[in-house]
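The values are calculated or read from the model by the stated rules, or taken from the named source; none is laboratory data. Here the structure is a predicted model, which is why all the values come from computation and not from measurement. Reconstructed Cβ throughout: ideal geometry from the backbone, glycine too, with neighbour counts over all protein chains shown. Surface areas here come from the heavy atoms of the whole protein model, side chains and all, with no ligands, DNA or RNA. Shrake-Rupley method; radii C 1.70, N 1.55, O 1.52, S 1.80 Å.
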Amino acid sequence: MSNMALLLRTFARQGVCLSRQHYGVFYRHAAPMGTTAKEEMNKFWAKNNKLNRPMSPHLTIYNWSVPMMMSITFRGTGVGLSGAISAFALAALVLPGTYPHYLDLIHSLSVGPYLIGLAKFGLAFPVSFHTLNGIRHLWWDLGKGFRLPEVYRTGYTVIGLSIITSLAVAFLL
Amino acid sequence: MATQQLHPGNCGDLGWFIIMAAIVRLSSVCRRGVKPLFYQGTLLARPLVVPHNYQEQPHQLTARIHASQALNAGSGSKAASLHWTGERVVSILLLALGPAAYFSPCPAVDYSLAAALTLHGHWGIGQILTDYVHGDAKIKMANAGLFLLSTVTFAGLCYFNYNDVGLCKAIALLWSK
């Protein structure tokens, strides 16, 4: 089949008709398309939904990798942190009483010290991971660190530093 | 290529191969005359025949592409690009506010934190919606809901800053246990 492809390309590149000589390639004359990219995308999804097409397996069959897992964790921590902030803001608006009042309520539960440390770690780790991976993203935005070994190196650095800083913040501060 | 075996499936390919080879040969004859045909050798040996005016073609092609871009240049908008840059600026601002909140807590930092956190979260969730929500109506609904949520969030955080201890103090108090 590769012969076919090679021949087709040669055939297309040279052109066959004498009248198309100056184009050199089968190239439709440049003209703006009738639809926008957004319209095309919507048409794609509408057609798939209308025909009730099943979605091909993707997450269930593709081998997971560290970069993939870090990426979705980054997104997950983002959603989680955003949700927590919104919940806090809503509570501030809706609940009567002040913040110290509710803090005292939690204090009065008298939970063991290790559980408090665990809870602090549970709060600190998403913040830490999201912040450090965010810096990694900004590094990519500068165009650096895209080679695969570098991706893994920065990735493991982010994971390691996240755990260390979270532990430090939870148990030392 | 030359070692390809003749299976029943490949016969069709071979047929096309011959026809294509003939057409290519014929076209090159039409353009350049008969002489180059003898200099080029067999097609099997060099399937990628470079036409003599190939050098001009990329230039003409680029000229055409530039022409089409000129058609669209006026209607392009920088909104998406500016949005992207804005996202990065807010991210960096939020990074700077971390140490600021720890080393010099004050109302200015409290309100800046409220604004930066809300905007960063709003744009972040916006990207997630763009990824997973499809269809004009659903996208509009989702974004409206997000806008409402972000507004309430910002209002709540500002209310907390004004009527309660403030964000920096709140985190300090939470950690003091």
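Does B:Ser176 satisfy being more than 7 Å from chain A (Cβ to nearest Cβ), at pLDDT below 95 and surrounded by fewer than 19 Cβ atoms within 10 Å (Cβ to Cβ)?
Yes: the conditions hold for B:Ser176.
Just to be sure I understand the filter: pairs with C-beta atoms under 7 Å, separated by 6 or more residues or on different chains, first member in segment B:151-177 and within 25 Å of A:Leu115 (Cβ to Cβ) and in a helix (DSSP H, G or I), second member of a type in the set (Phe, Trp, Tyr) and at pLDDT below 95. Which pairs pass?
From residues that are within 25 Å of A:Leu115 (Cβ to Cβ) and in a helix (DSSP H, G or I), the pairs are B:Ala170/A:Tyr99.
Give me a count of the residues in segment B:153-171 that are under 22 Å from A:Val127 (Cβ atoms) and in contact with a helix residue (DSSP H, G or I) (Cβ under 7 Å, 6 or more places away or on another chain).
Of the residues in segment B:153-171, 13 are under 22 Å from A:Val127 (Cβ atoms) and in contact with a helix residue (DSSP H, G or I) (Cβ under 7 Å, 6 or more places away or on another chain).
Where residues in segment A:131-150 are under 16 Å from B:Ala96 (Cβ atoms) and of a type outside the set (Ser, Thr, Tyr), which of them is least open to solvent (accessible area, probe 1.4 Å)?
A:Gly134
Which count do you get for residues in segment B:130-152 that are out of contact with any helix residue (DSSP H, G or I) (no Cβ under 8 Å at 6 or more places or on another chain), open to solvent by less than 80 Å² (accessible area, probe 1.4 Å) and closer than 18 Å to A:Phe44 by Cβ?
Final tally of qualifying residues: 2.
I'd like the residue in segment A:72-113 that is among the hydroxyl-bearing types (Ser, Thr, Tyr) and open to solvent by 40 Å² or more (accessible area, probe 1.4 Å) and, out of all such residues, is nearest to the chain's Cα centre (by Cα).
A:Thr73
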